[in-house]
Amino acid sequence: MKKIEEFLSYLCSLDIKLWVENERLRCSAPKEALTPEIKTELAARKAEILAFISQANQALHSSSESIQPVPRQGNIPLSFAQQRLWFFTQLEPESYAYNIPAAVRLTGKLNIAALSKSIYGIIRRHEILRTTFTVVDGEAIQVIGNGENFTFPVIDLQTFSEEKKQQEVFNLAALEAQKPFDLVQGPLIRANLLKLAETDHVVLLTMHHIVSDSWSTGIFIKELTALYTAFCVGQPSPLPELPIQYADFTIWQRKWLQGEVLQTQLNYWKQQLGGSLPILELPSDRPRPAIKSNNGATQIFQISPDLTKKLVALSQQEGVTLFMTLLAAFKVLLYRYTQQEDMIVGTPIANRNRAEIEGLIGFFVNTLVLRTNLSNNPTFREFLQQVREVTLGAYAHQDLPFERLVEELQFKRDLTHNPLFQVMFVLQNATTATIQLPELTLEELTLEKNTAKFDLTVSLSKTETGLRGDIEYNTDIFNADRITRMCGHFQVLLEGIVANPQQRLSDLPLLTANEQHQLLVEWNNTEIDYPQDQCIHQLFEAQVEKTPDAVAVVFENEQLTYRELNIRANQLAHYLQKLGVGKDVLVGICVERSLSMVIGLLGILKAGGAYLPLDPEYPQERLAFMLENSQTSVLLTQQHLLESLPTYTTQLICLDSNWQTIAQEDIENPISNVIFDNLAYVIYTSGSTGRPKAAMNTHRGICNRLLWMQDYCQLTAADRILQKTPFSFDVSVWEFFLPLLFGARLVLAKPGGHQDSNYLAQLIAEQQITTVHFVPSMLQIFLEEPKIDNCGCLKRVICSGEALPVKLEKLFFRRLNAELHNLYGPTEAAVDVTYWACKNNSTTATVIIGRPIANTQIYLLDKHLQSVPLGVVGELYIGGVGVGRGYFNSSDLTAEKFIPNPFSSKPGARLYKTGDQARYLSNGNIEFFGRIDNQVKIRGFRIELGEIEARLNQHPNVREAVVKVWEDEGDKRLVGYVSSQSKPQLTVTQLRSFLKEQLPEYMIPSAFVILEALPLTPNGKIDRRALPAPEKNRPELAANYVTPQTKVEQNIANIWQKALNIEQIGIHDNFFELGGHSLLMLRVHSELQEIFKTDLLILDLFRYPTISSLAEHLNQLQNQVTSIQKIDNQAEKITTAKEQKQKRLQKMKSLRNL
């Protein structure tokens, strides 16, 4: 049996009121609240209850004085609740969000004079209805007037047609509801009468929330009924004088809520709301505005009588109120939308727990903050009990005004969100008072609301036809169709709860059958019957038969026809087969971009092997790990790269110096017996463990990808595709093979050329390139390149590797007359899995990633592998033929990331868990939302922050390290945070040098912040949100600061400061140690050329990374130009002298001829 305090608190939550009258226990309760079980317990514990109430009353009288009327002298403060509304009205004086409008139709004989007198009588009776507000000495105070400025205008609509009358009623009602109040001038209650006919009227009544609340509306109706009934028959007011007024309450509240009373309340709430408070990040249709607005709308929904009965029965069965059950269900809905386990929802409470204020009109309502935790995926029944305990605790501590709580917690205020919570949940338990006036029939008119105080307010009320609900939502954030779906999901969820409350929260149903079919089947219907009897090299060989003499590949001043390329690849393949290369055998290839690279890739595939690209630019340690981890037995390379390779004990083949031996092999197509499910290539990507991981891809997956792309792009022999992506990245796969499989021409950029926009523009124009790929960050640089005007040959640009910004999409269509395609896909699933053709003049807020490619399925799931609803963000899982085999030599990671496909009936079908977040739009397209984990994409490079962190943590003077991405004006950069107490202090130079030995350049943070200790969350984890932004000041470098001396040095410093966003840069500071990277370098290069008008090479910025060295080089260049100009001038003078002498001789010769 519950303790007496718990039992009475439980009764209170059911709105069952108990009091003692003439030493007898009295009870008042809503219909259906007094169950047989409760009646039995009340009877059994009657004596105990009487004793408890008696003791409580004694304690109350001893510790708390009753509210007494006070003289109206001096300034009357605002209540705590009023203070907050006063603040909001100062913030938005024209807002009508806190208007309380009502429109009532009166049919029958209306006594207008009696009605006007009745409303005025209520205003005279309640001081608060004739109160205005002003500021004295910086503090808002109440000013009580006499109410003489109240008017009750009658608007005559009798001459209008019936149709026009109804329209005018709703127009006037809407205008009245949206008319702001002036809190200083008043009045804060308005009433209008619309006369439609002698027996047809509409009353429009509007009050400001600062003087009224929902409970007050009931009092107003009750008193209006009594007064009008009396005044109609000439009788005086039957209402007794009020013993106290709202002003008396505000003065009492200020005195009472202090000392021990305040501390007891505060202690509870501080414990409930301790630590970092969660912000509910509901999926939205638009970005949240910088300052929250109150623009809103309302949707109504109905819960059937049958479901309502089942919910009431479940509540009684579980020993909770209907409110608690509905609140728990609503929180489950929010959890399923957001996956946030720590959740706060607000709920109003009448706060009329003192007898003196029960009959007062005024703003008494308080807001309770209900925080629950949904971690560990409990059953609904378990979660419901948690909601019960939290709710009862809040009821027991309801006296602390919400406004005082906000003030005491002193959290950082944010104008984008409401304080403490963003969603309100309401169950109207008490039945609304009905107006019964003599000789009149009354009908309340439903007014369209276009305001919203919170992101969402869900209100439910009991009706004879079941629970009636409405959702008030902020229209700046949400569209109506999203709220419609939410209403449907809530009802599906409620049905699931009553059917089986023992289900885990993740297993409760949410989607309708139609939604399930649409998300899982309809939008994944991508099947295309591509031929499956030829692998990549065989498709190439078929093309060789069709166009043997067409040019297949071009590199600088070299080229090969399809026949020539096939012969060389065949020779290499036969050679490799003799070395043991066959099905699923990995062959390393570490070469610079050249014809040898293409021959090497094709040769490996023709031999039956799978190629493993190794970038010569990678550090030796990384290359050594890849070779060792992959157990590669054969490595193809070039003679000049041997010194940069790690020590390698197995078979090493130089494609240049060993070619004479290779050229002795057979020129016919080799036989390898490779099938679709054999490996085609293995590519290492960044790994969260601190080591890269090797993604394995089959011929089936990449052939499907290439055949789809040909269907999509329709390449012909006239097309020329530029290959510029480093071959250690998967985009290079289609750049290499798409043109070669379908008769187009492959053009190779020179090594390092992919970073030089000037060179690329020139190459595109010279070679008449039609198709090119860019990561968005490099596309930005390319579009700023002046020579892009010569690139009219481009037909299509493919973008992938990172999110494509809308601003960049718009710039593209201004600069180029070509198609722009946005593709998405991970290395683990054959390059790309979705596609989107960008549109000029698009009005969307983001560039979407579109739909799945052929024979590919996309599933957006929560962490329990349940489909998320349309418009809700989930993790993106990939199914279909493109899913790779897994990670080489890493079975645990493969099992974690490549999971059985629960949506497929095919044996062995798997899903790849990407770690990316996305959501479906209503048209079936997919919108990308970034990473879930610490993997990011910077300038197209996929980077696991954990890998960099692991390396930083290996530094002997680093105690702890984290890496974070900062975005500044669209430029993403890595920032490393290290805690170190070493003496002397660590420098950026030391950290960069340490990482350069182990990581490629693109993985090295552009800035470092050195702290004594990293910030922690209350549970001891590193608080990434609290990491400080990197300062714009010069970081701690090994070089001493020396200010720029010459004009050249100052010009360079100005350009660097702007690009790097650093205020002071010394002439010996290294550009890359200050945070520079290749894309910033391109911008700097462009500005330097513009200022100094010299032929400065991109390479020069690598050679001269300090202002001092670069200034010296620029001076030399300018001196060279000056010297050349002098020589040219002298040459011109000599030429001119020779020409004059020649003319004189010619003239003399002419004279002789006379």
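Just a few scattered comments:
- Fewest-first ranking of 261, 872, using other Cβ atoms within 10 Å as the exposure measure: 261, 872
- Taking a ≥ b ≥ c as the square roots of the Cα gyration tensor eigenvalues, segment 235-277 comes out prolate, since a/c reaches at least 1.5 and a/b is larger than b/c.
- Within the chain, antiparallel bridges make up roughly 70 percent of the DSSP beta bridges whose residues both belong there.
- For segment 454-532, Kirkwood radius (reciprocal of mean inverse C-alpha pair distance, Å): 15.6 Å
- Diffusion coefficient, µm² s⁻¹, Stokes-Einstein with Kirkwood Rh over alpha-carbon pairs of segment 683-775 at 4 °C and 1.567 mPa s: 90 µm²/s
- With the alpha-carbon atoms of segment 93-217 aligned to their principal axes, the span from lowest to highest coordinate is 55, 29, 25 Å, starting with the largest.
- Order by protection proxy (mean Cβ within 10 Å, highest first), peptides 187-193, 1002-1008, 339-345: 1002-1008, 187-193, 339-345
- Residue 235 versus residue 1068: modelled label distance in nm, points set 7 Å from Cα along the beta carbon direction: 10.1 nm
- Inter-centroid distance (Cα atoms) of segment 134-170 relative to segment 479-525, Å: 45 Å
- Value of D in µm² per second that Stokes-Einstein yields for segment 810-945, Kirkwood Rh from Cα pairs, at 4 °C (1.567 mPa s): 81 µm²/s
- Electrostatic dipole magnitude of the chain [Cβ: Lys, Arg +1; Asp, Glu -1; Cα centre; debye, to 20]: 1500 debye
- Evaluated with a Cβ-only charge set (Lys, Arg +1; Asp, Glu -1), segment 33-165 carries a dipole of roughly 580 debye about its Cα centre, given to the nearest 20.
- Here the peptides 93-99, 82-88 are ranked by packing, the mean other Cβ count within 10 Å, and the order with the highest first is 82-88, 93-99.
- Cut-off 9 Å between beta-carbons: net charge of the residues surrounding residue 266, Lys and Arg +1, Asp and Glu -1: +1
- Summarising the overall dimensions of segment 536-920 from its C-alpha atoms, the Rg and Dmax are 20.6, 62 angstrom.
- For peptides 723-736, 907-920, sequence by mean Cβ density within 10 Å, most packed first: 723-736, 907-920
- As a ratio to 2.2 N^0.38 Å, the alpha-carbon radius of gyration for segment 443-601 is 2.12.
- Mean residue ellipticity (222 nm) of the chain, computed from DSSP H runs ≥ 4 via -39,500 (n - 2.57), nearest 500: -11500 deg cm²/dmol
- If you take the Cα centroid of segment 76-110 and the Cα centroid of segment 529-577, the two points sit 78 Å apart.
- Flagged links, alpha-carbon separation over 24 Å, of 807/972; 165/449; 839/863; 164/449; 292/972; 897/996: 839/863; 292/972; 897/996
- Rg over Rh for the chain works out to 1.08, both radii taken from alpha-carbon positions and Rh defined as the Kirkwood radius.
- Rounded Å value of the spacing that divides the Cα centres of segment 615-648 and segment 299-321: 68 Å
Since every read-out is calculated from the coordinates, none of them should be taken as a lab result. Please read all numbers here as calculations on a predicted model, not as lab measurements. FYI the Cβ positions are ideal-geometry reconstructions off the backbone, even for glycines, and counts take in every protein chain you see.
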